[in-house]
Amino acid sequence: MAIDPHAPLTLRQLEDHLWQAADLFRNKVSNQKDYILALLFFKRASDIYLEETAQALVELGNVPGAEELARDRAWHTLVIPEGHSWEEARNTDEDKLGKALNDALAAIGKANPKQLAGVFERTDFNNKQALPNQDLAAIVDHFHQLGPLDSSRVSQDMLGQAYEWLIAKFAASAGKAGGEFYTPGEVGTLAAALLDPQTGHTVYDPTCGSGGLLLAALERARETGQDARSIFLYGQELNPETWAIARMNMLLHGAGDAATIEREDTLAAPAFLTDSGEVQEFDRIIANPPFSPKNWGHARLKSAGDPYDRIKHLPPKSHGEMAFVQHMAASMGPSSKLVCVLPNGVFFRGGAELAVRKDLIEADVIEAIVQLAPDMFYGAGIPAGLLVCNAAKPDDRKDKVLFIDASQRFERRDTKNVLRKDDIKDIVAAYTADGPIDRFSIFADRAEIEAKQFNLTVRRYVQAGGAEANGEVLSLDEAIAALQEARAAREAADAALDELLTQLEGGEE
């Protein structure tokens with residue numbers, strides 16, 4: 001059904017239309033999501049610019065030179081340079097359309113350097129071999145059929161939702177690579193609720209992907225009545241294409257002025273440093289670092305060390321998650337909180353990873369571990385959990401860690417397990433409760449954790465008073481979860497043995 005350009009768009013119409021655009025790009029370019037998101041951003045920015053210009057002309061009235069004044073930056077969220085609007089690019093001759101789009105996006109980036117410098121460098125609409133003139137014209141016409149994407153037809157919240165939905169769809173279809181740039185929205189909502197950012201806070205994600213966790217934290221602040229305008233977001237992302245998406249994501253969600261998203265490798269070149277060259281501290285830290293990342297910097301750190309004095313214990317080269325955890329711990333101030341998604345192996349493996357856990361326990365900053373269901377993350381069916389750290393733990397939680405077993409809290413949707421609203425509510429309630437909840441949460445003191453050799457696997461604690469201790473038969477889901485943990489432990493033991501043998505043979509130290 002054709003879209004009425006004069007009627008408000010529905011979220012479903014917008015989502016369906018954007019996914020149809022993906023079909024038009026299919027088998028033409030490898031990074032189709034970057035092209036679709038760039039066109040969506042271009043059209044929205046151009047239509048908002050027209051809307052803001054019209055509003056400025058109304059306010060200026062009969063002031064001499066009103067049309068020129070209405071183009072002043074002060075009236076606009078983003079500047080669209082003359083000759084480079086959506087309409088002007090679209091009305092270009094078909095054989096010059098690709099160049100017109102490239103020129104327009106480059107001009108917009110140059111006119112708005114703080115927000116958009118370098119963002120559109122990875123989309124070449126003038127690649128006629130991949131995008132022949134007729135095909136590109138059809139794609140642009142498809143976007144034009146949406147009608148104006150100004151605020152009178154598409155609210156900022158709706159556009160942000162559609163943008164996140166589109167990123168999620170691409171993550172689902174990208175397999176393992178999808179998990180590198182997108183964290184499922186429900187997990188982000190839970191992490192943000194545990195983080196609980198307040199008015200005036202700085203919020204940091206050192207592996208920010210497309211920016212979803214930062215935006216979840218901002219949304220949490222809005223929902224709880226905080227002054228979101230005084231919350232400042234900081235992110236760093238290694239992948240240049242994902243970094244560009246994050247930049248656009250911030251702007252489309254209305255967070256452009258309060259967000260600083262930098263590029264490059266957080267472990268090799270942290271972007272946020274103090275004047276004295278130390279890692280900057282933040283009020284709130286939220287992250288989903290890559291699971292079992294490759295080329296995370298093991299060789300470099302092993303040979304040259306860490307110039308920022310963060311990585312005290314070098315993790316094995318096949319499991320770099322704890323390097324990111326140590327970076328985040330160094331980014332905590334005396335009242336900071338941290339919520340980080342981690343695969344289960346991090347909580348029980350030995351060696352350097354055990355040493356990191358021991359340091360955090362002895363510093364008394366780990367406040368909670370939340371076990372999630374398996375198969376929640378794109379490209380990673382292994383179970384994962386949330387590490388919650390608090391540098392200012394309440395007195396009644398000092399020298400204790402809260403363990404929450406939410407491994408059975410999920411609903412199967414399509415090909416993934418998903419947290420429901422009630423699941424999130426129950427987990428947050430358990431986190432804020434004064435005492436344990438039978439077979440769901442329990443507090444363990446430092447002595448018990450030390451006795452378990454700093455193993456932070458949730459089932460080692462919560463199940464101690466549950467079904468296993470009472471001799472009851474495990475459910476199928478519990479048995480599967482136990483099997484997955486056993487397999488992960490076996491793989492970790494194999495990896496540790498391989499590493500030891502390599503050392504004995506004169507390889508790695």
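Remarks
- Restricting attention to segment 331-357, the residues that are of a type in the set (Gly, Ala, Ser) and assigned to a helix (DSSP H, G or I) add up to 3.
- Any hit, segment 358-365, residues being in contact with a strand residue (DSSP E or B) (Cβ under 7 Å, 6 or more places away or on another chain) and either modelled with pLDDT under 95 or part of a strand (DSSP E or B) (or both): no
- Filter pass, Leu314 being in the same structural domain as Leu338 (by TED's automatic domain parsing) and at pLDDT below 90: no
- Taking helices (runs of 4 or more DSSP H) as the structural unit, those lying wholly within segment 408-509 and holding at least 1 residues that are modelled with pLDDT under 55 and closer than 27 Å to Cys389 by Cα correspond to 476-504.
- Selection within segment 1-55 - of a type in the set (Ser, Thr, Tyr) and under 21 Å from Ala138 (Cβ atoms): Ser30, Tyr35, Ser46
- Condition met for Arg44 (surrounded by 19 or more Cβ atoms within 10 Å (Cβ to Cβ), in a helix (DSSP H, G or I) and basic (Lys, Arg)): yes
- Scanning segment 364-406 for residues that are free of Cβ contacts under 8 Å to residues at least 24 places away in the same chain and either of a type in the set (Gly, Ala, Ser) or crowded, with 19+ Cβ neighbours inside 10 Å (or both) yields one hit, Gly381.
Residue-by-condition table, conditions (1) assigned by TED's automatic domain parsing to the domain that holds Gly209; (2) in contact with a Pro (Cβ under 9 Å, 6 or more places away or on another chain); (3) closer than 19 Å to Thr266 by Cβ:
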{"residue": "Ala329", "(1), (2), (3)": "yes, no, yes"}
{"residue": "Pro343", "(1), (2), (3)": "yes, yes, yes"}
{"residue": "Phe347", "(1), (2), (3)": "yes, no, no"}
{"residue": "Gly350", "(1), (2), (3)": "yes, no, no"}
{"residue": "Ala363", "(1), (2), (3)": "yes, no, no"}
{"residue": "Ile366", "(1), (2), (3)": "yes, no, no"}
{"residue": "Pro374", "(1), (2), (3)": "yes, yes, no"}
{"residue": "Tyr378", "(1), (2), (3)": "yes, yes, no"}
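- Here Arg349 meets the list (1) surrounded by fewer than 23 Cβ atoms within 10 Å (Cβ to Cβ); (2) touching a residue at least 24 places away in the same chain (Cβ under 8 Å); (3) of a type outside the set (A, V, I, L, M, F, W, C); (4) out of contact with any Lys or Arg (no Cβ under 8 Å at 6 or more places or on another chain) almost entirely, failing just condition (1).
- Scanning segment 145-166 for residues that are assigned to a helix (DSSP H, G or I) and free of Cβ contacts under 8 Å to residues at least 12 places away in the same chain gives a single hit, Asp157.
- Considering only residues in segment 221-245 that are surrounded by fewer than 24 Cβ atoms within 10 Å (Cβ to Cβ) and of a type in the set (D, E, K, R), the one that is farthest from Leu166 (Cα to Cα) turns out to be Asp227.
- Flag if Ala56 is closer than 17 Å to Gln115 by Cα and hydrophobic (A, V, I, L, M, F, W, C): no
- Which numbered condition Asp47 misses (of (1) under 25 Å from the mean Cα position of the chain (by Cα); (2) in contact (Cβ under 8 Å) with a residue 24 or more places away in the chain): (1)
- Leu9 vs. criteria over 17 Å from Asn112 (Cβ atoms), in contact with a Lys or Arg (Cβ under 6 Å, 6 or more places away or on another chain) and either free of Cβ contacts under 8 Å to residues at least 60 places away in the same chain or buried (at least 17 other Cβ atoms within 10 Å of the Cβ) (or both): yes
To keep it simple, each residue is scored yes or no on (1) out of contact with any Cys (no Cβ under 6 Å at 6 or more places or on another chain); (2) surrounded by fewer than 16 Cβ atoms within 10 Å (Cβ to Cβ); (3) assigned to a helix (DSSP H, G or I).
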site: Arg247; (1), (2), (3): yes, no, yes
site: Ala268; (1), (2), (3): yes, yes, no
site: Ala271; (1), (2), (3): yes, no, no
site: Ser276; (1), (2), (3): yes, yes, no
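- All conditions but one from (1) of a type in the set (D, E, K, R); (2) surrounded by fewer than 24 Cβ atoms within 10 Å (Cβ to Cβ); (3) closer than 30 Å to Leu342 by Cβ apply to Asp205; the one that does not is (2).
- Taken together, the criteria exclude Leu159 from residues that are crowded, with 16+ Cβ neighbours inside 10 Å and farther than 22 Å from Pro8 by Cβ.
- For segment 296-330, taking the residues that are in contact (Cβ under 8 Å) with a residue 60 or more places away in the chain and in contact with a Leu (Cβ under 8 Å, 6 or more places away or on another chain), the one that is farthest from Thr457 (Cα to Cα) is identified as Lys302.
- The criterion of at least 1 residues that are in contact (Cβ under 8 Å) with a residue 24 or more places away in the chain and buried (at least 18 other Cβ atoms within 10 Å of the Cβ) is met by the following helices (runs of 4 or more DSSP H) wholly inside segment 55-140: 86-90, 97-111, 113-116.
The values are calculated or read from the model by the stated rules, or taken from the named source; none is laboratory data. Keep in mind it's a predicted model, so treat the numbers as computed, not measured. For neighbour counting, all protein chains shown are included, and Cβ atoms are generated from backbone atoms with ideal geometry for every residue, glycine included.
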